[in-house]
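Take a look at the structure below.
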Amino acid sequence: MSDTRGQQTSEQPPPGGAPGEGTPPAGGPGPRGGILMGRPFGVPVYVTPSWFVIAALITWIFGGQLARVLPDLGATRYLVALSFAIAFYASVLVHELAHTLVALRYKLGVRRIQLQFLGGISEIENEAQTPAREFWLAFVGPLLSVVLGGVFLAAGRLVELSSVPGVLLAGLMVSNFVVAVFNLLPGLPLDGGRMLRAVVWGLTGRPMAGTVAASWAGRALAVAVLIGLPLFSASRDGGGRTGTDTLIDAALAAILAAIIWNGAVGGLRGARLKEALPGLRVRELARRVVPVTADTPLGEALRRAREAGAGAVLVVDGLGAPIALVRESAVRAVPEHRRPWIAVGALARDLEPGLRLPADLAGEDLLRALRATPASEYLVVEPDGSAYGVLALTDIEQRLSRAVAGR
């Protein structure tokens, strides 16, 4: 499964039931993304705590199926089922590594790979530059799943089907084919959605047109999954279903549909954000500033700002050199009647090096500077070091929110 805005994800449906998938990382389970398992090709691979939940679920479901196929196993069937869960997610990792290798070949950068609840995620840092590269980057994951399915099919013919190796190989074959087919469905955030995006991009010459088409296809797919998956399961099992089976299928369908819907919407928002970034210029966003000394009462400073039409207050020393920024949040916290008695110096943050931004900063460079030194306000300076204005983080957030909303 794939997402937009410098992040490719491949989500895998779990075996032994309805297809499912994981969510694109909105942050991960911790600052490092889970338990570090290794660094193939220099890319860290993490297993999140949620993986243990799905591994236990697969073990329980597959173990129950083994009781019917290989009744002589007894309780050992759960150990076999756990082996299947681990082997299946090893094939998920191969699927993700396929995305990773192509991304590294195209010099797109890969932040990490995660194995998590209902799927795997490859976090690719940059977008492909051409529709062809976008298509291949998405297609290579399902392609590797098909290859793995073929390998397990060939290996299964060499052993007895009713044996433990035969059952494991058959399960891995079916699971990898399901992974491939599911990920090829044409809608974001699946790999098929990225492929659809690449096709529309190639036909129209506009990446955004491809993203819009793939996003709406993803939302349609989510509705189809929500309605169709329980109906499919009911028709497949005939009249032997219990109320619990029906409830489980409905819950899985709802979870999966919600993930696909959110991924499709998030993909479109990410594309709009990427499109808006080049127009994010510090010089255009900066507020006019009024300079005052640290001992100036807040009420007086605000009066001067209103008269000057300024949106921020800058604390300067006796020579007029900037030394601190008055925090807007601190100003709002001071009641009106106390403002004549509070000096602005008590509400200011000293100007650390990272709080001075060049007036000509824009786009990705601006976002990198903000991430390097998080703050609510920044002093905008000209090349000669003189103050141009103040950049408020809330102004950037509002501009980006309007862009994401399509306004």
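The values are calculated or read from the model by the stated rules, or taken from the named source; none is laboratory data. Since the model is a prediction, treat every value here as computed from it, not as a measurement. As a convention, Cβ positions derive from the backbone with ideal geometry for all residues, glycine included, and neighbour counts pool all protein chains shown. These accessible areas exclude ligands, DNA and RNA; they are computed on the full protein's heavy atoms, side chains included. Shrake-Rupley method; radii C 1.70, N 1.55, O 1.52, S 1.80 Å.
For this structure, a couple of remarks:
- Most mobile of Pro165, Pro340, Pro322 in a GNM of the chain (Cα contacts under 10 Å): Pro340
- Choice from Val331, Val151, Val199 with maximal GNM fluctuation in the chain (Cα, 10 Å cutoff): Val331
- Heavy atoms of Lys274: accessible area, 1.4 Å probe, square angstrom to 10: 90 Å²
- Measuring with a 1.4 angstrom probe and ignoring ligands and nucleic acids, Ile124 comes out at about 0 Å² accessible.
- Shape category assigned to region 98-191 from the gyration tensor of Cα positions, a/c cut at 1.5: prolate
- Area accessible to solvent at Asp360, 1.4 Å probe radius, in Å²: 110 Å²
- List Arg269, Arg303, ordered by accessible area with a 1.4 Å probe, largest first: Arg269, Arg303
- Farthest toward the positive end of the dipole of the chain, out of Ile121, Gly42, Ala348, is the Cα of Ala348, where the dipole comes from beta carbon charges about the Cα centre.
- Estimated FRET transfer efficiency (Lys107, Met208; beta-carbon r; R0 22 Å; 0.05): 0.40
- MRE, 222 nm, helices only [DSSP H, n ≥ 4, -39500 (n - 2.57), over the chain, to nearest 500]: -18500 deg cm²/dmol
- The candidates Trp136, Trp341, arranged from most to least accessible area with a 1.4 Å probe in the full protein assembly, appear as Trp341, Trp136.
- Cα-projected label distance for Arg304 with Leu367, points at 7 Å along beta-carbon direction, nm: 3.7 nm
- Over the chain, relative contact order from alpha-carbon pairs under 8 Å, at least 6 apart, %: 14 percent
- Answer label, with mean projected area of the Cα convex hull in nm² calculated from the coordinates and candidates (1) 19.1; (2) 20.3; (3) 25.9: (3)
- Per-residue extension of 0.36 nm, minus the Cα-Cα distance of Ala87 and Ala56, leaves a gain of 9.8 nm for this segment.
- Spatial separation of Cα centroids for region 263-307 and region 105-169, in angstrom: 44 Å
- Of the beta bridges in the chain, as assigned by DSSP with both residues counted there, near 70 percent are antiparallel.
- Heavy-atom accessible area per residue - the chain, 1.4 Å, Å²: 47 Å²
- Acute angle (nearest 10 degrees) that the helix 164-183 long axis makes with the longest principal axis of the chain, alpha-carbon atoms: 40 degrees
- FRET E, pair Val159, Phe232, Förster distance 30 Å, beta-carbon r, rounded to 0.05: 0.45
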